[in-house]
Amino acid sequence: MPVKRFEEEDFSSSFNGRTISRILSQLRPYWKLVIVFVTAIAVIAFLDSYFTYLGKRMIDEGIIPKNVNLMFSIAKTYALLMLVQALFVFIMIIVTGYLGQRIHYNLRKEMFSNVQRQSLSYFDRTPVGWIMSRFTSDAEKIADLVTWGLLDISWAIMNISVAIYFMLRINWRLALIVLSLVPILVFVAARFKKKILSEYREVRKINSRITGAYNENITGIRVVKAFRREEINLKAFGDLTGEMYRASYRAAWLSALFLPVVQILSAAALGSIIWIGGYEVNLGQLTIGGIQAFFSYVTFMLWPIQDLARVYARMQQSIASAERVFSLIDAQPEIKDKTGATSPDTIRGRIIFDHIDFYYDKDKPVLSDFNLTVEEGETVALVGPTGGGKTTIVNLLCRFYEPKGGKILINGIEYRDMSLQSIHSKLGIVLQTPHLFRGSIRENIRYGKPDSTDREVEEAARLSGAHAFIVKLEKGYDTDVGEGGNLLSVGQKQLISLARAILVRPEIFIMDEATSSVDTISESLIQRGIEKLMKSTTSFVIAHRLSTIKLADRILYIENGRIAEEGNHAELIARKGKYYNLYTSQFAEEMQKSLNREG
Amino acid sequence: MKEHVETFPFNPKETLTSNGLEGLWKLLKGYRLLYLAAAVSLFIAMSSKTATYLLLRFFIDNILKKHAPVYWYPIIGSGFLGLALIQGSFTFLSGKLSAKTSESITMRLRNYLFNHIQSLSFSYHDRMDTGELIQRTTGDVETIRRFYSEQAISLGRVLLLFCINFVAILMIDMKLAILSIAIIPIIVVVSLFFFKKISYQYNRFQDQEARLSTALQESLTGIRVVKAFARQDFEEKKFERENYRKFIEGRKLIALHGAFWPITDVLCGTQLLAGYVVGGLFTIEGIISIGSYLAYSGLLIWIIFPIRMLGRLIVETSKARVSYGRIFEIVKQQPEDLSSGKNPDPSKIEGKISFDSVSFRYADNSPVLDDVSFSVEAGEIVALLGPTGSGKTTLVNLLPRFYEYSGGSLKLDGIELREYSKEYLRKIIGFVEQEPFLFSQTIWENIAYGAGRKVTRSEIEEAAKSAHIHDSIVEFPKGYETIVGEKGVTLSGGQKQRIAIARAILKDPRILILDDSTSSVDSETEQKIWSALVKLMEGRTTFIIAHRIESLMKADKVCVLDKGRIIQMGSHHELIGEEGMYRKIYNLQSSLQSGGYLAS
């Protein structure tokens, strides 16, 4: 199982060496750039410390001995190096930024192409939101770690090392005092940052509960008002914001404590430098410029230490992110082509469900020993209660799922021996909830057959009954359907998805009929379109409308994964069994509605 | 854990102003002193930092140079530590106080918005998109919180650093001080210029990110279609396009940063170096002491480098102003008045209702109900029949005054409906919706939801039994403690409806409104729901939006609506006797039931 839990785990249980090396391997194709950016950082870090050293020389060799010329010449070097540093800062930002964007881009690309290959079962058990956050925050955390994180670490380490090198040159005894403080500072800072991060995680959790509370109260506003729950709900919400207040206040003051603690620790170092430095100056071991230099080095050492602490604290989070991203990239699709799978030109012919067993959940079999033979060109209507297995039968036929036992033969060939592409490209499917993609109506109809001409598109639309409403729209076939087709009514979306299926000239037609979203006139139009299509294909319809059912050659009443009743409409009505019972009540409503519409 | 946190009582409505900055100031009401204390702490902290450099000057000039006794060294050393302690404590205090301020204000704002939104009328909620409202109550509130907790404080820090250190340099030498800020205006302008651009590019980057997410979401939710048509390659290309665009936008953003930082590095560096050199000359000339020079060169850094953050801070402040405006568009709305009006004893309500030429129009003036007149005796059942959009739902929504009728007269027990308080009407009217909304709480909380009083466990079970849902509930592993919705058990339409019926039974309303559709329910469940409803209707004036024949036959009166008007009215028997829509529907349904139609 590639994905099991959907609760976010922010922290990886341990530092996993393999994950870390895999994170770093993202950089491998860009190793030249990595060298450039590490070099740039080295130059910048060196110059940062060198500037302080130049300041010291300016004091000791220029200002105190009153040597104006030397002072100017040092200043000139300073100015020149400043330009050099600016150049390297530029290089560093551009290269690091590029790498960060590039790696994020690569990860997204890799994830997308693998997610696409997954079987439907994967999507049934994995929420879309879960996959989405792998693409955004998790992938970004990895990209950040290998770029800005790496940059921060390298800069911090080089900066501290170079500073210590110069301090050692100026006065080794004082330098040792500072050196002994560095590990303590890094340790304290890192512990602190981790604590703060975990406090903020708590804040985020409460925050999502607050969003949830807003959402529920706004979407359920009718009930809230009808039951006068305003006061009680406000009180419950007040408790929640109170919790939020405490958690975020705590997190905020903890982070406010961080800098002062580190500062006070380093001030201890400053104090001892003055104390001991005084003696050293008296002994001639240290110049006034040297004191100044130590002062600066210690003051500005705070930043690299903070950076180190931050990267360290975030590291575990990033590793946890990386594990999730890699699990997505590594997920194996459950259904894929066998080696040596054939691609027959046609899948016309008899379809046989041969002793099929199937379950989604081992304890709850959906189909057991299910048998069905459908002749070429036959139209089969599947009816029956929800959860009876109608959709499963269709899903198996489409090979969205594969049987757990038994086999499905199409035209005499076990369908697992064929390639997925060869099956899918010859199916025409209309789903109950029609999904359209952003773009024009034309693009949507053309979806299954991108090389079709505008005439073919229109032809399909006519057949599906969509043409009439499309031409009434201001922009006709070029009308934008909006996100998920939201700018159209459900009925219109259904007509378009029918046209989409008609256009591919399917050899097997599958329709999961929606109950009641199409008006009476469109319904009769669709009727004619479907009728034509059904004559030329083998068709499976999960049917709700009487008019559709009447078109079927055979009606199967599916209940508890078995065919409970079978026959044509007249036969089943005459039997006065389950089919008869289920549909008397349902048609009553349907007919009333259509009458209402006419009235 | 759950005790209430008190905030300064205050109605954010009073801050309403068109000027965002002024509004942000007004929002501080009740916490201004606290916030001021945070600023003062910040001032003390920054000052002691500056004092460190002045102490350094004293140490060099008066101790080292004058060869003062060595016992001074540890004293000065502890002085540094002492100043650091002051600086640290006050930095912390300032952080703590500003956190308290911003969190309190945010909590107050959140609570206010929650309450305000739930007291706005239906017509407002019909107009507003849920996502938009949530974005404002969460995203925009967060922006405002960050303004108080981060941006305003950072802005204060940059300005204080500049002022305090500038004063300290002035104390050392005035000419030097003026020279030290010569390039600063340029730095400010450059930084503002860049951050406007960066902010613009950042928005573009974010927009592209949003487009990428949409594309991703679309492919994922439509995965069945993608697979059904074998279009994975196409989807990959589509995603690739958006993905690559984001990469490009990201690079542009990087390029701006790549230009901004080195340019300001050079500008700041030039200012710094100029200070060093001129300061050096002053020292050589003997205008300032060597100790002063040391202090000066340390202080200089703190007035130059923070300044380049000004651009970013100012740009971010404008975001807070925009968020303020967006939130206060909600605050501006008038809430419903729930309490004013009559509140007679509910037990004395008989439930006689009369419509007299009632009409209702939407805000855009299109009529929904037009000249509707009929009356209902206490305890009667009225069935409403009519096509979608005929006005049935609007009609029943007028009763609890979810919408206010715009013409005619509507009376309950002879008193105009407008004279009752809304709160009262909603107390005596019960609803069972077609697709009931349940909250993601336990089942028993959902049933107890509307009782408006403490109810015992046995009362809830009693109601559940009457609604024929008890047996299904106890079959769940957690029984009545089962949580409903996304995080818990998904209930079927029929189960939800029966829980809603139990909820209504417990509420014990005087007037009942039912939407009795049974689509998506099998016939056995339908029977159960029906017998639950019969129990519920006993002795109450009931309005049924009817879909099935039992309701029509049971009703004392049937109103057939079309396009906002009543086209037929009477008892079932009367209406069968007339030519018209009712008879057509009735005949059809009864023939369906006998099976005659299907066989044909």
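Bear in mind that the values in this text are calculations on the coordinates, not laboratory data. What you see is a predicted model; the values in this text were computed from it and never measured. Ideal geometry is used to build each Cβ from the backbone, glycine not excepted, and the neighbour counts take in all protein chains shown.
Key figures
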item	result
Ranking of B:SER48, B:SER406 by count of other Cβ atoms within 10 Å, fewest first	B:SER406, B:SER48
Local net charge near A:TYR312, Cβ-Cβ under 9 Å (Lys/Arg +1, Asp/Glu -1)	+4
The range B:395-486: GluC sites (Glu not before Pro) in DSSP loop, at most 13 other beta carbons within 10 Å	B:GLU486
In Hz, Karplus ³J(HN,Hα) per residue of the range A:197-213 (6.51, -1.76, 1.60; θ = phi - 60°; x = Gly, Pro)	4, 6, 5, 5, 5, 4, 4, 4, 4, 5, 4, 6, 5, 5, 4, x, 5
Which of B:TYR200, B:TYR405 has the fewest Cβ neighbours within 10 Å, and the rest in rising order	B:TYR200, B:TYR405
Nearest-20 debye value, chain A charge dipole, Cβ charges on Lys, Arg, Asp, Glu	1360 debye
Two-site FRET efficiency, A:THR339 against A:THR386, from Cβ-Cβ distance with R₀ of 41 Å, rounded to 0.05	0.55
Backbone HN-Hα couplings from phi across the range B:534-541 [Karplus 6.51/-1.76/1.60, Hz, Gly and Pro as x]	4, 4, 5, 6, 3, x, 10, 5
Shielding by partners - mean other protein chain Cβ count within 10 Å, residues of A:110-117	5
Backbone HN-Hα couplings from phi across the range B:402-415 [Karplus 6.51/-1.76/1.60, Hz, Gly and Pro as x]	5, 10, 9, 5, 9, x, x, 9, 10, 10, 10, 6, x, 10
Exercise: per-residue mean of other protein chain Cβ atoms within 10 Å, A:499-509	1
Two-site label geometry, B:SER318 and B:GLU416: point separation in nm, points 7 Å out along Cα→Cβ	5.2 nm
Farthest toward positive dipole pole in the range B:428-493 [+1 Lys/Arg, -1 Asp/Glu at C-beta], among B:ILE429, B:GLY452, B:SER492	B:GLY452
Highest average packing first - B:264-272, A:383-391, Cβ atoms within 10 Å	B:264-272, A:383-391
Contact order normalised by residue count of chain B, Cα under 8 Å, 6+ apart, percent	14 percent
Magnitude of the charge dipole, the protein assembly as shown, Cβ model with Lys/Arg +1 and Asp/Glu -1, debye to 20	3740 debye
For peptides B:228-235, A:229-236, sequence by mean Cβ density within 10 Å, most packed first	B:228-235, A:229-236
The range A:148-191-the range A:404-461 distance, computed between alpha-carbon centres (Å)	64 Å
Principal-axis tilt of helix B:457-466 within chain B, Cα atoms, nearest 10 degrees	50 degrees
Shielding of B:112-121 by partner chains, average beta-carbon count, 10 Å	5
Beta bridge orientation in the protein assembly as shown: antiparallel %, DSSP, nearest 5	50 percent
Relative packing of A:87-100, A:177-190, B:136-149, which averages over residues the other C-beta atoms within 10 Å, highest first	A:87-100, B:136-149, A:177-190
Positive-end residue, the protein assembly as shown charge dipole about Cα centroid, Cβ charges, pick of A:ILE429, A:GLY340, A:VAL146	A:VAL146
Residue-averaged [θ]222 nm for the protein assembly as shown, counting only DSSP H segments that reach four residues, each worth -39500 (n - 2.57)	-20500 deg cm²/dmol
Equivalent ellipsoid dimensions for the protein assembly as shown as semi-axes, Å, which come from the Cα gyration tensor, largest first	71, 39, 25
Size of electric dipole in the range B:177-287: Cβ of Lys, Arg +1 and of Asp, Glu -1, about Cα centre, debye, nearest 20	560 debye
Chymotrypsin sites (Phe, Trp or Tyr not before Pro) restricted to DSSP loop in the range B:302-388 with at most 16 other C-beta within 10 Å	B:TYR362
Inter-site label distance for A:ARG28 and B:VAL278 at 7 Å from Cα along Cβ, in nm	5.7 nm
Neighbour-count order for A:PHE258, A:PHE135, fewest beta carbons within 10 angstrom listed first	A:PHE258, A:PHE135
Unit charges at the beta carbon, dipole of chain A: most positive-side option, A:ILE206, A:PHE295, A:SER539	A:PHE295
